[in-house]
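I have placed the structure first, in the form of structure tokens, so that the comments after it can refer back to it.
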Amino acid sequence: MAPGRGDLSPDGIVRRLRAAGCVFAEDEARLLVAEAPTPARLAEMIDLRVAGLPLEQVLGWAEFFGMRIAVEPGVFVPRRRSELLVSEAAALVRAGGDARRVVVVDLCCGSGAVGAALATELTRDRRSDDRRGRSRDVELHAADIDPVAVRCARRNVAALGGLVHEGDLDGPLPDALRGHVDILVANAPYVPTDEIRLMPPEARDHEPPVALDGGADGLDVQRRVAAAAPRWLSPGGHLLVETSRRQAPSTVAAVTSAGLVARVVTSRDLDATVVVGARPTTAEHV
């Protein structure tokens with residue numbers, strides 16, 4: 001017998017989710033019950049999840065770097081592997097000394113998760129430094145071409161004093177940032193066009209193609225990000241780009257071609273790969 005649509009008992013919800021192919025049905029059921037304000041809303045949320053909408057879009061948030069990031073339908077859901085961008089960027093800032101002001105730019109920001117998490121992490125440093133008589137301010141800018149993503153990112157970034165700009169890559173960034181960005185992070189799309197059809201339905205059917213499609217080899221947008229980075233980075237500033245282990249050599253080549261000194265950082269726990277490009281301190285502003 002098919003699971004009953006009207007059964008809102010914990011077991012009934014689990015049965016419906018499991019029948020729809022949800023691997024972690026028990027965990028998802030607990031989250032849906034906890035987040036639904038009324039039985040009617042719970043039934044609606046279950047229907048959305050059974051129909052294939054990503055759980056995070058149903059809940060309205062995703063857990064990322066210990067934070068709840070607002071996520072709307074039609075917006076790219078932040079993945080845990082992208083936490084490597086945050087931890088590596090924070091480590092670079094800390095290794096850079098006692099600069100009182102750090103300028104962070106999050107390109108292809110989607111929900112703004114990476115930029116928001118990094119600003120939050122560095123703010124914790126600032127609070128710690130305050131006790132030692134020092135402080136570090138974070139100036140955060142994020143940008144995305146998708147107006148739905150921009151609207152969502154503003155929900156996550158505004159509380160941190162950040163600004164979100166709508167437009168293609170670095171096009172909408174304020175000119176005053178040229179040559180003054182300390183950290184530029186980019187989770188640009190890197191799925192090859194022909195491989196999008198192989199992605200889980202949750203992604204290919206419910207996340208914007210512009211956030212997934214990286215062109216024939218997956219690196220079209222990454223190359224544009226790398227080429228633009230020297231215009232914005234301060235001497236000694238860093239570009240961090242998420243990529244795959246297979247694509248990392250090509251990402252390194254793109255970053256190196258832009259005049260940056262590239263290296264690869266990986267995390268086995270997160271199954272994540274990030275290419276870091278440093279602007280030499282002796283380089284002239286571009």
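The values are calculated or read from the model by the stated rules, or taken from the named source; none is laboratory data. Remember, predicted model here, so these are calculated numbers, not experimental data. Heads up, the Cβs are rebuilt from the backbone with ideal geometry, glycines too, and the neighbour counts pull from every protein chain shown. Calculation scope for accessible area: heavy atoms of the full protein, side chains included, ligands and nucleic acids excluded. Shrake-Rupley method; radii C 1.70, N 1.55, O 1.52, S 1.80 Å.
Values for this structure:
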{"read-out": "Whichever residue in the range 1-50 is closer than 18 Å to E63 by Cα and charged (D, E, K, R) and, among such residues, is most open to solvent (accessible area, probe 1.4 Å)", "value": "R30"}
{"read-out": "Of residues in the range 159-178 being in a helix (DSSP H, G or I) and out of contact with any Gly (no Cβ under 9 Å at 6 or more places or on another chain), the one modelled with the lowest pLDDT", "value": "A159"}
{"read-out": "Candidate set: the range 51-64, residues that are open to solvent by 50 Å² or more (accessible area, probe 1.4 Å) and in contact with an Asp or Glu (Cβ under 9 Å, 6 or more places away or on another chain); chosen: the one nearest to D11 (Cα to Cα)", "value": "E56"}
{"read-out": "Failed item in (1) within 30 Å of R49 (Cα to Cα); (2) out of contact with any Gly (no Cβ under 9 Å at 6 or more places or on another chain); (3) modelled with pLDDT under 95, with D125 passing the rest", "value": "(1)"}
{"read-out": "Subset of the range 141-156 (residues that are buried (at least 24 other Cβ atoms within 10 Å of the Cβ), among the hydrophobic types (A, V, I, L, M, F, W, C) and either out of contact with any Pro (no Cβ under 9 Å at 6 or more places or on another chain) or outside any strand (DSSP E or B) (or both))", "value": "A142, A149, C152, A153"}
{"read-out": "Residue in the range 61-74 that is assigned to a loop (DSSP other than H, G, I, E, B), among the small types (G, A, S) and more than 15 Å from the chain's Cα centre (by Cα) present", "value": "no"}
{"read-out": "Lone qualifier among P235, P208, P200 - being open to solvent by 40 Å² or more (accessible area, probe 1.4 Å) and within 20 Å of the chain's Cα centre (by Cα)", "value": "P200"}
{"read-out": "Selection within the range 74-106 - open to solvent by 30 Å² or more (accessible area, probe 1.4 Å) and of a type in the set (S, T, N, Q)", "value": "S87"}
{"read-out": "Those strands (runs of 3 or more DSSP E) lying entirely in the range 201-286 with at least 3 residues of a type outside the set (A, V, I, L, M, F, W, C) and modelled with pLDDT of 95 or more", "value": "233-243, 261-267"}
{"read-out": "Conditions (1) at pLDDT 95 or above; (2) farther than 29 Å from V150 by Cβ; number of the one not met by L55", "value": "(2)"}
{"read-out": "Any pair with Cβ under 8 angstrom, 6 or more apart, that starts in the range 167-186 at a residue that is closer than 11 Å to A228 by Cβ and ends at one that is open to solvent by 50 Å² or more (accessible area, probe 1.4 Å) and at pLDDT 95 or above", "value": "D168/I145; L169/I145; L169/R224; D170/R231; R178/R231"}
{"read-out": "Single residue of the range 266-286 satisfying the filter (open to solvent by 30 Å² or more (accessible area, probe 1.4 Å) and charged (D, E, K, R)) that is farthest from F65 (Cα to Cα)", "value": "E284"}
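Residue-wise test of (1) farther than 30 Å from G52 by Cβ; (2) open to solvent by 70 Å² or more (accessible area, probe 1.4 Å).
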| position | (1), (2) |
| --- | --- |
| E242 | no, no |
| R245 | no, yes |
| L260 | yes, no |
| V264 | yes, yes |
